[in-house]
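Worksheet: the structure to be examined is printed underneath.
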Amino acid sequence: MFRKISLVMLCAMMLAGCAAIPTPSTQSGNLMGKLAYETAPQFTEAELEQLAASQNEFASAIFAHQAEAKQNLVVSPYSLYQALSMLYAGAAGETASEMRLAMRLPWEDARVHRLVNALNQQLLNSAGSESADRQAFELQMTNALWAAQDGTYEQAFLDTLSQNYDTGLKILDFSNASAASNAINAWVSEQTEQKITRLAEPAMFSADTTLALTNAVYFKAAWLYPFSEAATSEAPFTLLSGEQQNVSTMRLSETLKASVTEELTIVQLPYAGGTMVMEILMPHLEIWNSPEGISQLWASGLNFPEMQPANITLSLPKFRIETPIMDMIPALNANGMRLAFTDDADFSGISGDLSLYVSTIAQKAFIDVNEQGTEASAATIAVVRPKSAFGGEPLQITIDRPFIFQIRDTATGTVIFMGIVMQPEA
């Protein structure tokens with residue numbers, strides 16, 4: 001159910017004092033920090049706008065890096081940001097400074113976690129408003145923290161997670177890497193309605209693994225203006241090579257927000273039952289073929305030309321994308337987050353010492369866009385171990401070449417998913 005939120009992934013465990021103590025190896029089940037989840041965090045509209053802007057700037061940078069491959073893509077920068085926010089709760093020194101810059105955080109103090117919680121609840125509340133059609137709209141964000149049997153963890157870190165991210169802990173024997181990955185994958189599959197069944201791999205774990213941090217986002221929504229299945233037919237789609245292929249193309253005549261310039265076509269498709277929209281952005285082929293075209297396009301931080309309502313006849317290919325497991329560390333490195341993945345990492349806020357670094361941050365994502373609406377999911381894993389996405393004639397918009405899409409909440413401006421369709425594969 002879309003009310004089932006907890007957000008994102010990261011580390012943690014319990015202890016019984018301000019100092020880190022070993023968790024008993026016989027402990028099983030879930031553990032929580034001493035502080036209860038804050039269901040009504042305090043915030044100002046200006047603070048929430050700042051955080052959403054920071055997340056979107058981060059999303060643009062991560063997307064631009066991932067888009068360099070010029071392949072079909074779907075990614076959830078929102079899920080990744082949530083994971084990093086929780087990991088940031090345990091970072092210190094230069095490691096924390098790098099993470100803060102990479103994440104575009106405007107603050108250095110604990111308000112970050114309170115505001116992340118507030119934004120998460122805003123998204124869930126808007127999705128679950130009384131006016132929302134719960135049959136038409138579903139948004140879920142869940143997390144699980146998987147810890148080693150004999151790990152030690154700082155109480156302040158655990159309390160930050162339980163208070164702001166509603167996190168608990170599951171105990172795993174990481175020395176049995178296959179069993180550990182199977183347990184995590186079963187959880188991921190359940191949280192994503194079986195759309196993502198494999199995120200964790202045995203190679204990610206070993207006997208010295210300290211934590212595995214998992215997040216899942218699941219989104220399913222019907223269009224406010226559905227496409228008629230009877231109108232769907234084959235139509236040409238031009239690839240970057242100039243070759244044309246016939247693809248299954250949907251058609252809709254409706255009043256939609258759009259902007260059409262020589263360089264960029266944008267059209268907005270609203271979903272029923274909430275404030276979420278899908279925005280289709282189709283750059284000119286010359287931008288795709290320019291070495292830095294897409295990076296420059298996103299350098300504006302999503303500040304594209306203002307869209308205006310117009311009578312639109314839209315042609316849009318159906319598409320379905322499932323990514324392989326994507327290593328997110330190169331994109332984070334490119335954005336200045338480097339120390340966290342080295343022997344110089346400082347995650348003393350997790351364990352009380354300098355023994356830990358992040359060995360893995362990976363994501364897998366899925367999206368299916370058809371006549372009825374959109375189903376999308378993403379799952380992220382981070383592994384911590386010891387060192388060693390009116391009027392007049394109708395405006396004709398035909399999406400017939402590679403395009404970008406994003407799923408965005410119009411109430412907060414937050415981007416949940418982003419992606420590229422280079423070659424539709426519905």
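The values are calculated or read from the model by the stated rules, or taken from the named source; none is laboratory data. These numbers come from a predicted model, not from an experiment. All Cβ positions, even for glycine, are placed from backbone atoms using ideal geometry, and neighbour counts span all protein chains on display.
When you scan segment 193-202, do you find a residue that is of a type in the set (D, E, K, R), assigned by TED's automatic domain parsing to the domain that holds residue 361 and over 24 Å from residue 364 (Cα atoms), even just one? No, that holds for no residue.
Among what's in segment 134-158 and is out of contact with any strand residue (DSSP E or B) (no Cβ under 9 Å at 6 or more places or on another chain) and of a type outside the set (Phe, Trp, Tyr), pick the residue that is modelled with the lowest pLDDT.
Kept after step one, since they are out of contact with any strand residue (DSSP E or B) (no Cβ under 9 Å at 6 or more places or on another chain), are these residues of segment 134-158: 134, 154, 156-157.
Add one more test, that the residue is of a type outside the set (Phe, Trp, Tyr), and what stays is 134, 154, 156.
Working: 134: 52, 154: 86, 156: 89.
This residue is 134.
Selection of strands (runs of 3 or more DSSP E) fully inside segment 196-263 by the criterion of at least 3 residues being surrounded by 15 or more Cβ atoms within 10 Å (Cβ to Cβ) and under 29 Å from the mean Cα position of the chain (by Cα) returns 211-222, 244-260.
Counting only strands (runs of 3 or more DSSP E) that fall entirely inside segment 361-423 and contain at least 1 residues that are of a type in the set (Lys, Arg), the qualifying elements are 373-386, 403-409.
Quick one: would you say residue 266 is at pLDDT below 85 and either among the aromatic types (Phe, Trp, Tyr) or surrounded by 12 or more Cβ atoms within 10 Å (Cβ to Cβ) (or both)? Spell out how you get there, then give the answer.
Values: at pLDDT below 85: no; either among the aromatic types (Phe, Trp, Tyr) or surrounded by 12 or more Cβ atoms within 10 Å (Cβ to Cβ) (or both): yes.
Judged against the criteria, residue 266 is not a match.
Restricting attention to segment 321-360, the residues that are within 30 Å of residue 420 (Cα to Cα) and outside any helix (DSSP H, G or I) add up to 15.
Residues of segment 311-348 being within 30 Å of residue 229 (Cβ to Cβ) and polar (S, T, N, Q), which ones? Don't jump to the end; show me each part of the working.
Of all residues in segment 311-348, those within 30 Å of residue 229 (Cβ to Cβ) come to 311-323.
Correct list: 311, 313, 315, 323.
Would you please list the contacts, defined by Cβ atoms under 6 Å and residues six or more apart or on different chains, that run from a residue in segment 106-132 that is assigned by TED's automatic domain parsing to the domain that holds residue 42 and at pLDDT below 90 to a residue that is buried (at least 18 other Cβ atoms within 10 Å of the Cβ) and among the aliphatic types (A, V, I, L, M)? Note: pairs meeting the criteria are 120/7; 124/5; 127/139. Set side by side, the residues 169, 199 differ, and just one is more than 17 Å from residue 327 (Cβ to Cβ) and not basic (Lys, Arg), which is 169. Within segment 347-365, the only residue that satisfies the criterion of being surrounded by fewer than 21 Cβ atoms within 10 Å (Cβ to Cβ), touching a strand residue (DSSP E or B) at 6+ places or on another chain (Cβ under 9 Å) and not small (Gly, Ala, Ser) is 353.
Looking across segment 373-419, just one residue is of a type in the set (Gly, Ala, Ser), surrounded by fewer than 24 Cβ atoms within 10 Å (Cβ to Cβ) and modelled with pLDDT of 95 or more, and that is 373.
Residue 235: touching a Ser or Thr at 6+ places or on another chain (Cβ under 7 Å) and not charged (D, E, K, R), yes or no?
Details: touching a Ser or Thr at 6+ places or on another chain (Cβ under 7 Å): yes; not charged (D, E, K, R): yes.
Yes.
With respect to (1) under 23 Å from residue 326 (Cα atoms); (2) outside any loop (DSSP other than H, G, I, E, B); (3) in contact with a helix residue (DSSP H, G or I) (Cβ under 9 Å, 6 or more places away or on another chain); (4) among the aromatic types (Phe, Trp, Tyr), the lone exception for residue 174 is condition (2).
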